[in-house]
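Working notes for the structure below.
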Amino acid sequence: MKRQIITIDEKICTGCGDCIPGCPEGALQVIDGKARLISDLFCDGLGACIGHCPAGAMKIVTREAEPYDEKRVMHESIAKGGPNVIAAHLHHLMDHGQRDFVQQALEYLKEQGIENPLEGESARKPDQQHSHSVHSHAPHTGGCPGSRTIDFSAHGKSDARVVSMPDAPVQSALRQWPIQLHLVSPQAPYFEGSDLLLAADCCAFAVGNFHGSFMKGKSLAIACPKLDSELDIYVDKLAAMIDLSHINTITVAIMEVPCCGGLMSIVAGALRKAKRKVPVKKVLITLQGETLSEEWV
């Protein structure tokens with residue numbers, strides 16, 4: 001059957017093992033100095049491991065693969081880890097709406113006489129999703145916070161943020177078109193000698209004043225390291241911007257979810273490939289649009 005599944009570029013993989021904790025299903029191992037997908041049966045294709053790869057060697061593809069086997073994953077990997085690993089795995093499945101897999105996991109726990117660690121968690125049912133912040137319970141060994149359902153208005157914050165917005169139209173700080181990284185030309189005149197803002201797609205929707213706070217005076221490219229395909233093209237394009245368009249600096253704006261870190265890996269790959277060196281600033285943004293940190297890396 002055709003389904004989404006992780007693929008690893010062995011030429012790029014350094015064998016660091018950072019991806020291993022991000023895959024509680026046990027689908028990854030470091031063998032002969034490279035991360036390997038040891039079984040199609042174990043990989044759910046949801047990409048929790050991608051943001052942990054500092055080299056940008058991992059991506060999701062659609063190909064022929066054996067069906068994911070939830071009960072086998074529970075038996076051979078998850079259950080052995082104890083209640084915390086089981087809970088993180090169940091959260092991971094629920095975050096992605098995998099109700100059938102959740103049901104299969106719960107059936108396995110019942111069959112084996114293992115207590116469900118989520119019972120009593122606010123009387124929550126398997127098909128109900130989260131309303132917590134990423135910081136409150138999102139260990140790297142658990143699910144994918146990037147897909148977690150969160151209602152900010154339930155905390156009385158969303159409406160207040162909207163009311164504070166000015167009623168008058170705000171002038172756009174956008175200097176160019178197109179902006180999607182697959183579509184831009186690395187030698188477009190607006191990149192020449194510019195300060196580049198490379199932003200994860202979600203950033204502009206999270207930050208109320210994204211234009212004023214981040215885009216002013218910068219050229220722009222946007223991308224999603226988890227959902228976009230052919231990420232190696234992104235590496236080549238950024239390297240060309242550095243060498244041919246002589247961009248001055250790169251500011252990388254990403255969300256606080258693990259998979260967003262893949263954008264930093266893409267930039268790192270471009271810097272290794274480029275002949276010139278440019279300063280890179282990493283800006284980490286919370287799900288409610290606040291700047292968590294800014295640092296030159």
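Any read-out appearing in this document is the output of simple, stated calculations on the displayed coordinates, not a laboratory observation. In this text the structure is predicted, and so the values were computed from the model without any measurement. Cβ: placed from backbone, ideal geometry, glycine included. Neighbour counts: every protein chain shown.
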Checklist line | Long-range HN-HN contacts of LEU220 with modeled amide H, under 5 Å | finding: LEU197
Next item on the list: Using Cα positions and a limit of under 21 Å, work out the lysines in reach of LYS71, with same-chain residues fewer than 8 apart set aside.
Entry: LYS2, LYS80, LYS110, LYS125
Checklist line | Cross-link table LYS218/LYS277; LYS216/LYS281; LYS237/LYS273; LYS216/LYS237; LYS237/LYS275; LYS11/LYS281, entries beyond 20 Å C-alpha to C-alpha | finding: LYS216/LYS237; LYS11/LYS281
Check: Using the 10 angstrom Cβ neighbour count as an exposure proxy, how do GLU256, GLU111, GLU25, GLU192 rank, fewest first?
Finding: GLU111, GLU192, GLU256, GLU25
Item checked: Length released on extending from TYR190 to ILE233, taking residue separation times 0.36 nm less the Cα-Cα span -> 13.5 nm
Next item on the list: Determine the distance separating the Cα centre of segment 72-88 from the Cα centre of segment 1-25; give it in Å without decimals.
Entry: 19
Check: Counting other C-beta atoms within 10 Å, which of GLU76, GLU119 has the fewest, and how do the rest follow?
Finding: GLU119, GLU76
Next item on the list: Please list, or write none, the aspartates and glutamates whose alpha carbon is within less than 16 Å of the alpha carbon of LYS226, excluding same-chain residues fewer than 8 places away.
Entry: ASP9, ASP44, ASP95, ASP201, GLU256
